[in-house]
Amino acid sequence: MINGSCCCGAVKFELLNRPSMIGTCHCSRCRKLGASTIAFVKKEDLNWIEGRELVRLFEPTAPYIYGRCFCKICGSSLGEILSKEDSFPIAANALDGDLDLTNQFHEFVGEKPSWYEICDNAPQNDGHPATS
């Protein structure tokens, strides 16, 4: 079991299984929202402990289609934790402890700021990685 929470501790959840993968998005929107590294989880693995009612959704404007969630008290980014999809990304920073996973991809590297250096060998993509 993997515990997760926001910075103030008002939002708490657990994952019944380890995320399937983690990756880093370098788009300006993810950086602004403080959720560049994301962990992909299955809906059935997410168990709310407390504070679900404190999670707010930032609705995107075109061309973006993915909403982003955050704690209404402390503002911690939670990724797409309210998603209705079977699998979705949550902000890796919301997970407590070590995942024992390594970064598996970088996306939107063309939007990466010059001050950020990619220091791993994970594949780099101009957009979302191709799925097989």
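The values are calculated or read from the model by the stated rules, or taken from the named source; none is laboratory data. Quick caveat: nothing in here was measured; it's all calculated off a predicted structure. No Cβ is skipped: glycine too gets one built from the backbone with ideal geometry, and neighbour counts run over all protein chains shown.
Structure notes:
- In the range 31-77, of all residues being touching a residue at least 60 places away in the same chain (Cβ under 8 Å) and touching a helix residue (DSSP H, G or I) at 6+ places or on another chain (Cβ under 7 Å), the one that is surrounded by the most Cβ atoms within 10 Å (Cβ to Cβ) corresponds to A39.
- Filtered by the rule that a residue be under 13 Å from the mean Cα position of the chain (by Cα) and of a type outside the set (D, E, K, R), the range 28-65 gives C30, L33, G34, A35, S36, T37, I38, A39, F40, V41.
Yes or no, residue by residue, for (1) touching a Ser or Thr at 6+ places or on another chain (Cβ under 9 Å); (2) basic (K, R):
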| site | (1), (2) |
| --- | --- |
| R56 | no, yes |
| S83 | no, no |
| P89 | yes, no |
| L99 | no, no |
| N103 | yes, no |
| E111 | yes, no |
| D120 | yes, no |
| Q124 | no, no |
| G127 | no, no |
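- The set of residues from the range 22-74 being basic (K, R), touching a Lys or Arg at 6+ places or on another chain (Cβ under 9 Å) and assigned to a strand (DSSP E or B) comprises R56, R68.
- Complete set of residues in the range 90-123 that are farther than 24 Å from R18 by Cα and either in a strand (DSSP E or B) or aliphatic (A, V, I, L, M) (or both): V109, I118
- Qualifying residue in the range 53-70 (condition: at positive phi and at pLDDT below 95): no
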